[in-house]
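Enquirer: Below: one structure in structure tokens.
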Amino acid sequence: MSPLVVLILAVLATTYAGPIVRLAAAPALAIAFWRLTLVLPVTGGLAIRERSTVRRGEGLLMVASGVLLAAHFWTWIASLRFTTVASSVVLVSLKPIFVWALAAAWLHEHPSRREAWGIGIAVLGATLIGIGDARMSLGALGGDLLALAGAVTAAGYYVIGRRVRATVGVWTYASVVYAVAALALAAVALSRGVPLIGFAGGDWAVFGALAAGPMLVGHTGMNYALKHYRATTVNVAALGEPVGATLIAWLWLHESPPALVLIGGAVVVAGIGVTLTSRSRER
């Protein structure tokens, strides 16, 4: 399948993560843990068939990537308790800025001029959504800071993925990283006395939905695309998530977006289009 098609499907699969998390009563740590754990039988089975070789340095990088992914899920899901879906998802989606800086410093990868314009346009649109959806309260500010922390940790996760995926198969990479992230979250939950079992059926339905769509199709699809596209390109495409999440929250959770949010969404889509139609794809 074309890497571009995989990337588009991956972004679409992530759009309902934010709204559906709002339906769960389980703690943020438990949601993140089960989102990762439930997908491991699938990725692990495919990794065994893949038989990808992993060198020691790559293994250490995958462990670091898993820890960053765990931190990303924890902070982002926790942010949804304090601020709106749109604000949280948009702030997390500012990660292309951090990815740009990290990829330039470590991988010496720089976006083309057209790609840079696309990043700027998309981030501008995301900023408009955030401004239009802002809520001036201490609770919302705390949620916004958690979401921003989620953006920084996700940036590190994607840049490491870009580096490791050059030689390691996607299912092997995903299985190791997801397993490390799940173990890290379990350790934190046990240390804080946060339960990981004993939830209602509705919570388990949310866990399964997050694992099947945003995790298996979404994150794994983006990890697949990292071998073919720069980390900045993949992350700009991921800015389609807040647009879809805002629409779903509007129709499903009745969080009506202001006009500025709708304008910002259109600008984000335009920025994604500019980036994905650039000639910066790695061959």
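What follows draws every value from the coordinates through simple rules; no lab data is involved. Worth saying up front: this structure is predicted, and the values here are computed from it rather than measured. Every residue, glycine among them, receives a Cβ derived from its backbone with ideal geometry; neighbour counts consider all protein chains shown.
Enquirer: Please label the shape of the range 49-115 as rounded, prolate or oblate, based on the square roots a ≥ b ≥ c of the eigenvalues of the alpha-carbon gyration tensor (a/c under 1.5 means rounded; beyond that, a/b larger than b/c means prolate, else oblate).
Expert: Since a/c reaches 1.5 but b/c is at least a/b, the shape of the range 49-115 is classed as oblate.
Enquirer: Right, something else. What helices does the chain have that are whole DSSP H segments, at least 27 Å long along their own axis by Cα, and with mean Kyte-Doolittle hydropathy of 0.5 or more?
Expert: Correct list, ordered by number: 56-79, 113-132, 138-164, 170-192.
Enquirer: What is the chain by shape, rounded, prolate or oblate, if you read a ≥ b ≥ c off the alpha carbon gyration tensor as root eigenvalues and call it rounded for a/c under 1.5, prolate for a/b larger than b/c, and oblate otherwise?
Expert: oblate
Enquirer: Suppose only helical runs count, i.e. DSSP H with n ≥ 4. What mean residue ellipticity at 222 nm does that imply for the chain under -39500 (n - 2.57) per run, divided by all residues and rounded to the nearest 500 deg cm²/dmol?
Expert: -23000 deg cm²/dmol
Enquirer: Starting from the Cα gyration tensor of the range 1-153, take the square roots of the eigenvalues, sort them a ≥ b ≥ c, and report rounded, prolate or oblate (rounded when a/c is under 1.5, otherwise prolate if a/b is larger than b/c, else oblate).
Expert: Note, shape of the range 1-153 comes out oblate.
Enquirer: Oh, and also: At R0 = 45 Å, how high is the FRET efficiency between L4 and T53 if r is their beta carbon distance? Nearest 0.05 is fine.
Expert: 0.95
Enquirer: If packing is taken as the mean number of other Cβ atoms within 10 Å per residue, what is the order of 35-43, 225-233, highest first?
Expert: Packing order, densest peptide first, comes out as 225-233, 35-43.
Enquirer: Order the peptides 10-18, 112-120, 55-63 from the highest to the lowest mean number of other Cβ atoms within 10 Å of their residues.
Expert: Highest-to-lowest ranking by the protection proxy: 10-18, 112-120, 55-63.
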